[in-house]
Amino acid sequence: MNGTLYALDLLQSGAGFMVAGLIGILFGFFLEQAGFGSSRRLTGVFYLKDMTVLKVMLTAVVVTLVGYHYLVALGWLSPDQVYPLDTYWLSQIIGGLIFGVGFVMGGWCPGTAFVGLANAKLDALVFLIGVVIGSILFNEVFGLIRPLYEGMHKGPLFLYDNLNFPPKPVILAACLIAVAVFIICALIEKTVPGAPKAQPRAWKHHTVAAAVLILFAGGLFVMPQRAPVSAKPVPRAGYLAQIDEAQDHLDPLDLADLIMKGDPGLIVVDVRSPEDYQKFHLRHAVNIPLTDLSQAAEKDLPRSGLIVFYSNGTTHAAQAWLEMQHWGWRNVKVLTDGLLGFWRECLTPPSLSPAGDEQTAKEALAAYQARRDFFMTSEK
Amino acid sequence: MEEKTTTDEPMEDAKALIEGPSEGEEVQTEIAEKEETEPEIPFKPSKEMRLPNWSPYFAGFGLGVTLLLAYWFLGTGLGASGGVARFSAWVWHAVLPGHVEGSAYFGKWFQAGGPHVLQYYLVFMIIGVFVGGLLSALGSRRIQPMIERGPGISAKGRLWFALGGGVLVGFAGRLARGCTSGQGLTGGALLFTGSLVFLACMFIGGYAVAYFVRREWL
């Protein structure tokens, strides 16, 4: 498959309509089989009477979550072909609260109301008329509430971006939490009269299913990382703020220290051409020309430790930095003022720069000589 | 759209039908215990005929696979309220064409040379949802015309609540850029932060008012 219909811009074509219709049929079928053609069953969750809604939704979530990451790991689906859902704190919090009130009052949500309609529930039809009215109402007041609608826009963030954690442990944790919630649901339903009772020996099947889920979620750890899963979703606002706070730069002297100490978590990347690299490069630096970055990054650059980019000046290194941020690397920095800056700060005698008292001047000179010896001799 | 023609008359029919809220078997027995004087409804399909719902985990698995397919082939996941919004715009445009074309939200769907407002993949998806629900309900013999409600509320009252709840849901679904399916389930399944926040707030909102509308359901 070459790409999703969304990525191919074919959602609004005959093919898009057909696939959407077929998926809709499956969607409606499973909703109905879950019993979501009944508003009393849907609202049962709000009275801890019937936890079906929570069980069905959470099961669907973990199946999709784990399945999606396998599709990505197998190279069958690329995250940049998926429509990213942006975070808008204001509208999603307030919209969610109002939605919940409407849900428990009306007894339906839009999707399930169509299933209710298929079950000939008159209240579903009336609810849908309400949804139409509500949508029109939104259009009418849109000018007024626009700041609310667009406020606190954070771009397509993932939970693991917010938690500042790699995705895989968060996915596994989500699955474990889901299983815990299922157990709690079972306990609640045991104590509530009238709640649907599971089949007598169902717990055996449930245990096996939960084990399989956890196994698959854990299996993600041994799958290759083909594409960064927080790819696009890195909000530009976030890294632009970092640039603003100068967290994106590393001073030449600091870098020289790190290299000379032989810090194992450090990777220095020279993004200039191979010819320039041959002529001179910082000791232990690897050469990844800018054009090769996207492929080499997946293969060679880890997401932990520290990666420092440099070029002659800063332009090319900064481009590499942006690219890496965009693809989800958080551990990248740029050498301040590039090689020229490094030369000026580290490899020119300190006497040329304004010095303090004699003692510090002596230390500075010694440090300079050590740097000079280290960086100006060729690597063995 | 065609279904709307049935709005008026079935109310009375349904009123007669729904004296005993017929739900899953368990609910029914519970109601029967509570209210012994429940009148027998002559043409209600017998309980033996209706198939029970699937295990929620099994149905949830099917739903998850469906969503996964939607991500894989469509690239957008599932959605419902987006389709209803298109339908709403179409209805409103039939009433006030000039106004809608000039409005900031619906207006962008009525640009000259653009596709028809209903030529949108989610419109086809919700038609699919209805068809899929119908197939499933037919296969399991669960179709039963009724106004679903708890014993503590009149049919008319229930319909007013359905309408009011629908208005809130329609409005909030636009505000949050999606409903339970399009925002909550679809985004939540990939752990999009905004979608999870929406889901959490949806449950908070629901639990906050559940007590006050308990007579509608319990």
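Annotations
- Mean separation of Cα contacts under 8 Å, 6 or more apart, over the residue count of chain A: relative contact order %: 15 percent
- When the P(r) is computed for the range B:149-218, the part past 22 Å accounts for 32% of the Cα-Cα pairs.
- Nearest 10 degrees, 0 to 90: helix A:202-219 Cα axis against chain A principal axis: 20 degrees
- Inter-chain neighbour count for A:135-148: the average number of beta-carbon atoms from partner chains within 10 Å of each residue's beta-carbon is 6.
- Close amide-amide hydrogen proximity is noted between A:L266 and A:L306, each under 5 Å apart and 5 or more residues distant or on a separate chain (H modeled in the peptide plane; Pro and chain starts excluded).
- Counting every other Cβ atom within 10 Å of each residue's Cβ, A:M376, A:M152, A:M105 order from fewest to most as A:M376, A:M152, A:M105.
- Value of relative contact order over the range B:149-218, rounded to a whole percent, pairs C-alpha under 8 Å and six or more apart: 47 percent
- 5 angstrom amide H check on A:K333, placed H, neighbours 5+ away: A:I307, A:V308, A:F309
- The order of A:K333, A:K362, going from fewest to most other C-beta atoms within 10 Å of their C-beta, is A:K362, A:K333.
- For chain A, Kirkwood radius (reciprocal of mean inverse C-alpha pair distance, Å): 25.7 Å
- From phi via Karplus (6.51, -1.76, 1.60), per-residue ³J(HN,Hα) for the range B:167-178 in Hz, x at Gly/Pro: 4, 4, 5, x, 5, 5, x, 5, 4, 8, 6, x
Each reported figure results from applying straightforward, stated rules to the coordinates on display, with no laboratory input. Since this is a predicted model, take the numbers as computed values, not measurements. For neighbour counting, all protein chains shown are included, and Cβ atoms are generated from backbone atoms with ideal geometry for every residue, glycine included.
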